[in-house]
Amino acid sequence: MQLDKLKGKELDQLFHAILSLKNIEECYTFFDDLCTINEMKSMAQRLEVARMLSEGFTYNQIEDETGASTATISRVKRCLNYGNDGYQLALDRVQQIGK
């Protein structure tokens, strides 16, 4: 697992901070301070690409709808197929919230 190389006090602190946020507004406030607008948009775009790939959309459909490059779509697809199932875990939980 690649994350073993990243694990440490600072990343744990970041994840604890994220987990402490109580609602969408707190997330907007924290991430606005933490990230650039482009970084936030990129993360949101990758999650949307993951959702669309998991629902069977084609690369062309995803590219047209999200503006993501084929390189980004390929990277996300590789994570969905060979990663740690983080995208799927998050997508499943978001879907449960929406019900």
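The values are calculated or read from the model by the stated rules, or taken from the named source; none is laboratory data. What you are looking at is a predicted structure, and each value in this text was computed from that prediction instead of being measured. Here Cβ is always computed from backbone atoms with ideal geometry, including for glycine, and neighbour counts include all displayed protein chains. The protein model used for the area step is the full one, side chains on, heavy atoms only, and it has no ligands, DNA or RNA in it. Shrake-Rupley method; radii C 1.70, N 1.55, O 1.52, S 1.80 Å.
Below is a table of values for the structure above.
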{"quantity": "Residues of the range 42-84 that turn out to be among the charged types (D, E, K, R) and over 21 Å from Gly98 (Cβ atoms), as a count", "calculated": "5"}
{"quantity": "Unique residue being without any contact (Cβ under 8 Å) to a residue 12 or more places away in the chain, charged (D, E, K, R) and in a helix (DSSP H, G or I) when the list is Glu48, Glu10", "calculated": "Glu10"}
{"quantity": "Every residue from the range 29-62 that is farther than 18 Å from Asn81 by Cα and more than 17 Å from the chain's Cα centre (by Cα)", "calculated": "Thr29, Asp33, Asn60, Gln61"}
{"quantity": "Condition check for Val76: surrounded by 11 or more Cβ atoms within 10 Å (Cβ to Cβ) and either outside any helix (DSSP H, G or I) or touching a Leu at 6+ places or on another chain (Cβ under 7 Å) (or both)", "calculated": "yes"}
{"quantity": "Contacts under 6 angstrom Cβ, first residue in the range 22-34 being open to solvent by 90 Å² or more (accessible area, probe 1.4 Å), partner among the hydroxyl-bearing types (Ser, Thr, Tyr), 6 or more apart", "calculated": "none"}
{"quantity": "Unique residue being of a type outside the set (Phe, Trp, Tyr), surrounded by 11 or more Cβ atoms within 10 Å (Cβ to Cβ) and part of a loop (DSSP other than H, G, I, E, B) when the list is Ala68, Ala17", "calculated": "Ala68"}
{"quantity": "Criterion: surrounded by fewer than 14 Cβ atoms within 10 Å (Cβ to Cβ) and modelled with pLDDT under 95 - qualifying residue of Gln96, Gln61", "calculated": "Gln96"}
